[in-house]
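Following: one structure in structure tokens, then a few remarks.
The values are calculated or read from the model by the stated rules, or taken from the named source; none is laboratory data. Quick caveat, the model's predicted, so the values are computed rather than measured. Every residue, glycine as well, gets a Cβ built from its backbone with ideal geometry; the counts of neighbours run over all protein chains shown.
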Amino acid sequence: MKKFNIFFDFEKEEQWLNDQLQKGYRCTNISALGIYTFEKTDKSYVLRLDYQDYLSKERFKHYKETYEDFGWSYINSPCWLGGTRYWQKEGDNKNVIFSDRQSKRNYYRKLMYFSAVVSVMLLFISYLIYQDTGFYFAEGLSGLSGSLFWIGFILEIPFLLLSNLPLIICAFSSISFYKAYRNYWMLKEA
Amino acid sequence: MKHKLLPLSETMHYILLALREPLHGYAVMQKVEKLSNGAVKLAAGTLYGAIDNLNKHGWIEPVGESGRRKVYMLTEEGSSILKLEQARLLHILSLYEGSESNEEV
């Protein structure tokens, strides 16, 4: 079974994946285009997200082996420079990958940095777009009246969305930043 | 300035104590569970991050391989950190034991 989904929020993605596993599936592959592949299973699996910056081949091997020793299996997913790593195992009494406050906090810190970088980059792209075209609203439209205006307006919607897409995604990624920050803050030293 | 890993967290403390003998990652987890009478059960990500961090600060170092796994052990610097922590904790313990009599003097 293949499912398509796009997430800007790490916790929602983890939740959604675990919801799928609860229905009797396990995840076998995740592609760059947001296609998640599942297969039917009669066992119950859990899935956890980790975030790692770029790891050299040697370091990745060590990273993977450490998790595998604990019974986690790595799900192939797009990871060029750094990013989310997906770990899955059969559910038992050890279903977490972080067992203390410091490491959980460190995880949220990494998510914070990631979302911040993405948000700023998108903001910059939006700035370039708006600098070039102004807030997109086709000028030709104002000359039309009545139903012609609305037809024109509807035809413009895809372009409107497209040129504002970076800003829309930036909003999602800022929300993700805020959530990571909130979790990070709640885990700070007493 | 104080080192950012000090005072040691419970996780770091147990890992350093476990690595007074050479062990690979998974064996560290098992030893820590034993040393803590089952109270500290390290998860994969926490153990990986802690070992990576301790190694980066030069408190532990890889000393070889057992099969395909890397084996780590405490360094000189790691030892001196444990001594510092021991002194700190002994002082706190002494306050537990002698606080009332000290106040009376």
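Pairs meeting the criteria (first residue in the range A:87-104 and at the interface with chain B (Cβ under 8 Å from one of its Cβ atoms), second residue buried (at least 19 other Cβ atoms within 10 Å of the Cβ) and of a type in the set (Asp, Glu), beta carbons under 8 Å, at least 6 apart or on different chains) are A:Trp87/A:Asp50; A:Ile97/A:Asp50. In the range A:65-86, of all residues being farther than 16 Å from A:Ile30 by Cβ and more than 8 Å from chain B (Cβ to nearest Cβ), the one that is modelled with the lowest pLDDT corresponds to A:Leu81. In this entry, A:Tyr45 passes the filter for residues that are of a type in the set (Ser, Thr, Tyr), farther than 20 Å from A:Lys179 by Cβ, more than 14 Å from chain B (Cβ to nearest Cβ) and surrounded by 14 or more Cβ atoms within 10 Å (Cβ to Cβ).
Summed over the range B:35-48, the residues that are part of a helix (DSSP H, G or I) and crowded, with 23+ Cβ neighbours inside 10 Å give a count of 5. Please go through the range B:17-27 and give me each residue that is hydrophobic (A, V, I, L, M, F, W, C) and crowded, with 21+ Cβ neighbours inside 10 Å, ordered by number. Result: B:Ala18, B:Leu19, B:Leu23. Within the range B:53-70, the set of residues being assigned to a loop (DSSP other than H, G, I, E, B) and more than 8 Å from chain A (Cβ to nearest Cβ) comprises B:His57, B:Gly58, B:Trp59, B:Gly67. Which members of the range B:1-52 meet the condition of being among the β-branched types (Val, Ile, Thr) and more than 9 Å from every other protein chain (Cβ to nearest Cβ)? B:Ile15, B:Val28, B:Val32, listed by residue number. Within the range A:82-96, the residues that satisfy the criterion of being among the polar types (S, T, N, Q) and buried (at least 16 other Cβ atoms within 10 Å of the Cβ) are A:Thr84, A:Gln88.
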